[in-house]
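Quick notes on the structure that follows.
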2 protein chains.
Amino acid sequence: MDRLRSSAIRDLLTLTARPDIVSLAGGLPDPAFIPRDRIRQEMDRVLTDPGSVQYAETTGILALRKVLADREGARLGRLLDPAEVVVTHGSQQALSLLAQALLDPGDTVVVEDPAYTGALQVFRAAEAEVVAVPLDEDGMDVSVLESMLTQGLRPAVVHTVANFHNPRGVVLAADRRARLAQLADSYGFWVIEDDPYGELWFEAPTPDPVAALSDRVVRLSSASKILAPALRVGWLHGPREVCQAVELLKQGADLCGSSLTQQVAAGLLADGPWLAEHLTELRGRYGARAKVLVAAVENEFAGIASVSPAVGGMFCWMEFYGHTASPVDTSVLLQTAIEHGVAFVPGAAFGVGADLSSQLRLCFATSSEDVLVDAVRRLRGAYDGSAAESVVQS
Amino acid sequence: MDRLRSSAIRDLLTLTARPDIVSLAGGLPDPAFIPRDRIRQEMDRVLTDPGSVQYAETTGILALRKVLADREGARLGRLLDPAEVVVTHGSQQALSLLAQALLDPGDTVVVEDPAYTGALQVFRAAEAEVVAVPLDEDGMDVSVLESMLTQGLRPAVVHTVANFHNPRGVVLAADRRARLAQLADSYGFWVIEDDPYGELWFEAPTPDPVAALSDRVVRLSSASKILAPALRVGWLHGPREVCQAVELLKQGADLCGSSLTQQVAAGLLADGPWLAEHLTELRGRYGARAKVLVAAVENEFAGIASVSPAVGGMFCWMEFYGHTASPVDTSVLLQTAIEHGVAFVPGAAFGVGADLSSQLRLCFATSSEDVLVDAVRRLRGAYDGSAAESVVQS
């Protein structure tokens, strides 16, 4: 089933590479917002050092682990040692190595429903038993997790995208973070706090990370969304024994990361004033796009579908109301949408147990405002065509 | 046991980072031979393209797969399709993903004895049963493999470093390649032809790859030894179904490689005249170092130890004669050697079943001729000190 889902999304993404299709399906930063000139300057500087082209330490070059320890430590409100940080090849590798380090086949993993598909893929490959906890506007419904625990569920890992959830866009509320941290301590499970989007807040910074509230948390993040995906720099921080286990696994998986792109990332992340300005700019630009997309959906689909407020990250979530004569199945709608020159990801691609057939994910990050508005018009056209078709068929 | 070995080597490598120690232990290219200026030029050019900083295709950017298909196809003597190539994060990742794609727990894997430790680590992590076939001056003793097969051994995979073996330095003879290919066809196992060093020949090009002789071969190579480790560009080519399985696994492992370093690698590998000149220069420089190291060992250890002729790659192999009163244990010698300011890797680190306690690996690639000569003198000093000590103790 997961294979099917994965291949369906992949086939879709292949289609959406066609130049006549506006894709709101991906989760790509806009290359125009990537600080390419700054990366080139930094690359030129880094490449004056002969060590820049050599193998790197398996856990990442020290300069990068230091700046990450500083930045993450500031979020945690405590000093973080560089030995508590491992640099990975994107945060997807952190997730994959953690699944190997923390899970045995048959172990239970709790995910959010809907869930990040990359996490589902990793946990299923680890032969874990995946259990879903529903999400609402305040993120994972921790009270549902708590009743499951009371009833005997003993997960090895709980995975959460606490900030600007992919695909739902929501933020885990502060009180739920506190409760989740307490439950991790009481029941002894690991929390994987997967946070690639946390810096991309539009209105207010996100609450303290779960990792600030418990030692049973491994926090993941990435330079892909704030600097550039092509650096392939992600990281995790957590207890030393977890870092050491991940280091051994990374040695077998790929020996080490690129000292070149790691030095570039270290240079950019350590340049505080530049980074602050860059992040402010990114938040403004992505935030403006989010607003435009949400307004366009509200305008075109008034009375037909709702759309979540987009307060950060890259995605918003649309849900067709169920009161129409023939409910919309977004997997079916996608076919018509592609004929109308627009693509999205159907809700079913992210579902674990929940029925998400009337929902879909839109990415506002990659396209300009004009294109977003045009895409939503096309989507409305597809909806009308699809509705007409279902009338004819019935 | 493998964990112990791995950690022993790691502890050793930590020690050898001390500036007062000449390390012949690593397997690092000399940064002075890495075309850093050319990489910087290429990086500047690549970074004019906004796509250079975006996510890449999971199997690698097409421009790189094309040039790899051309180059590998030329070695095979047939056209290779870019869809038969997957770019990986160094060839270690190719090995790791192949182990996941081709092996189930309990499957048998044949390795050479001594073996590349990175392969042992991967196969043991895959819970394979590792069976060793001895090496001699002509590479893997394929007749031993053949008798094992006749007696009922049914491996899923046979792993070989056919060119300039790590750690032994030897080349698999052409007739043995042909026989290995026939056996793969007859018995239906996969050959992993792991070839990071093949371009680094000093006297004559290597025989045709095993992959030219059978469809049951997945060939691995890397830009790390000829361009730069920091590009983290390795690759495999093989049957499409294997490539597709590896693609799915890579998607879960780390989504994709770096489009930035892949474009740089593609640019350098596609520049035929520059590359040919660069490789000629590399062969000359590493070849000169190999000669100096071998001569120094023959000179300092005449009558005490033999050293393999170094015809390519990065390593030569030294073996103490067994006729002395107290046979040398190179794991013990290493301690004294470090006190004398020189490091190597003891043979035991690479052994699967064979007793390699009187043998050791030396890397001639990283250090200049003067330093190599000095290192061998220090090693002789360590040997004398060690011998004196064992006389005192006995």
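What's the angle, to the nearest 10 degrees (0 to 90), between helix A:259-270's Cα axis and the longest principal axis of chain A?
80 degrees
For region A:182-191, what does the Karplus curve 6.51 cos²θ - 1.76 cosθ + 1.60, with θ = phi - 60°, yield as ³J(HN,Hα) per residue in whole Hz, taken in order and with x for Gly and Pro?
Taking θ as phi minus 60°, the curve returns 4, 5, 4, 5, 5, 9, x, 8, 8, 9 Hz for region A:182-191.
Amide H of A:Leu80 versus every other amide H placed in the peptide plane: which residues, excluding those fewer than 5 positions away on the same chain, fall under 5 Å?
Residues meeting the amide H criterion: A:Gly73.
Work out from phi, with θ = phi - 60° and the Karplus expression 6.51 cos²θ - 1.76 cosθ + 1.60, the ³J(HN,Hα) of each residue of region A:212-228, listed in order in whole Hz, and give x for Gly and Pro.
Values, residue by residue: 6, 10, 7, 7, 8, 10, 10, 9, 10, 8, 7, 8, 5, 8, 9, 10, 7 Hz.
Quick one: which of B:361-372, A:110-121, A:73-84, A:250-261 comes out on top by average Cβ neighbours within 10 Å, and what's the full order, highest first? Please list the in-between numbers first.
Details: B:361-372: 20.7, A:110-121: 24.0, A:73-84: 14.9, A:250-261: 27.1.
Packing proxy ranking, top to bottom: A:250-261, A:110-121, B:361-372, A:73-84.
So what is log10(I(q)/I(0)) for region A:48-271 at q = 0.08, 0.12, 0.13 1/Å, when the Debye sum runs over its Cα atoms only?
-0.26, -0.60, -0.71
For A:Val352, which sequence-distant residues (separation of 5 or more, or a different chain) have an amide H within less than 5 Å of its own amide H, given hydrogens modelled in the peptide plane?
Sorted by chain and number, the residues that satisfy this are A:Ala115.
If you place +1 on the Cβ of every Lys and Arg, -1 on the Cβ of every Asp and Glu, and leave all else neutral, what size is the dipole of region B:1-144 about its Cα centre, to the nearest 20 Debye? Working shown, then result.
On the way: 14 positive and 23 negative charges, 136 e Å.
So the dipole magnitude of region B:1-144 works out to roughly 660 debye.
As a test of the formula, what do you get for chain B when each DSSP H run with n ≥ 4 contributes -39,500 (n - 2.57) and the sum is divided by the residue count, at 222 nm and rounded to the nearest 500 deg cm²/dmol?
One gets -14500 deg cm²/dmol as the mean residue ellipticity at 222 nm.
Sort the following peptides by mean Cβ neighbour count (other Cβ atoms within 10 Å, averaged over residues), highest first: A:165-173, B:159-167.
The most tightly packed comes first, giving B:159-167, A:165-173.
For chain B, what's the relative contact order in percent, using C-alpha pairs closer than 8 Å and at least 6 residues apart? Walk me through the intermediate numbers first.
Values: 745 pairs, mean separation 88.6, N = 394.
For chain B, the relative contact order is 22 percent.
Summarise the partner chain shielding of A:242-254 as one whole number: the mean count of Cβ atoms from other chains within 10 Å of each residue's Cβ.
Details: counts 0, 0, 0, 0, 0, 1, 6, 3, 2, 8, 15, 12, 15.
Across A:242-254, the average partner-chain Cβ count within 10 Å equals 5.
Can you tell me the 0 to 90 degree angle between the C-alpha axis of helix A:369-393 and the longest principal axis of chain A, rounded to 10?
With rounding to tens, the tilt is 50 degrees.
How tilted is helix A:2-16 with respect to the longest principal axis of chain A? Cα atoms for both, answer in degrees (0 to 90, nearest 10).
80 degrees
Quick one: which residues, 5 or more positions from A:Glu129 or on another chain, have an amide H under 5 Å from its amide H? H modelled 1.01 Å from N in the peptide plane, none for Pro or chain starts.
Those qualifying (amide H under 5 Å, at least 5 residues apart or on another chain) are A:Gly106, A:Asp107, A:Thr108, A:Val109.
Could you calculate the contour length gain from B:Trp274 to B:Asp49, that is, 0.36 nm times the residue separation minus the distance between their Cα atoms, to one decimal place in nm?
The span from B:Trp274 to B:Asp49 would gain 78.7 nm if fully extended.
Using only Cα atoms, locate the centre of region B:121-136 and the centre of region B:229-296, then give the distance between them in Å, rounded to an integer.
The two parts, judged by their Cα centres, are 24 Å apart.
What average count of beta carbons from other chains do you get within 10 Å of the Cβ of residues in A:121-130?
For this peptide, the per-residue mean of nearby foreign Cβ atoms is 2.
How big is the gap, in Å, between the Cα center of region B:27-95 and the Cα center of region A:298-355?
Region B:27-95 and region A:298-355 have Cα centres separated by 39 Å.
What list of ³J(HN,Hα) values in whole Hz, one per residue of region B:327-332 in order, does the Karplus curve 6.51 cos²θ - 1.76 cosθ + 1.60 (θ = phi - 60°) give from phi, with Gly and Pro shown as x?
x, 7, 9, 5, 5, 6
Given the options B:Asn299, B:Gly238, B:Met314, identify the residue whose Cα lies farthest towards the positive end of the charge dipole of region B:230-334 (+1 on Cβ of Lys, Arg; -1 on Cβ of Asp, Glu).
Comparing the listed Cα positions along the dipole, B:Gly238 ranks first.
Could you work out the equivalent-ellipsoid semi-axes for region A:38-157, taking the square root of 5 times each eigenvalue of the Cα gyration tensor, largest first, in whole Å? Write down the numbers at each step before the final one.
On the way: eigenvalues 261, 60, 40 Å².
That gives 36, 17, 14 Å for the three semi-axes.
Find the lysine pairs in the protein assembly as shown meeting two conditions, Cα atoms under 24 Å apart and a separation of 8 or more places or different chains, and report how many there are.
Lysine pairs, 8 or more places apart or on different chains, close enough: 11.
Given 4 °C and 1.567 mPa s, how large is the Stokes-Einstein diffusion coefficient of chain A in µm²/s, with Rh as the Kirkwood radius over Cα pairs?
The Stokes-Einstein estimate is 60 µm²/s.
Each reported figure results from applying straightforward, stated rules to the coordinates on display, with no laboratory input. Worth saying up front: this structure is predicted, and the values here are computed from it rather than measured. Cβ sites come from the backbone with ideal geometry, for glycine too, and all protein chains shown count toward neighbours.
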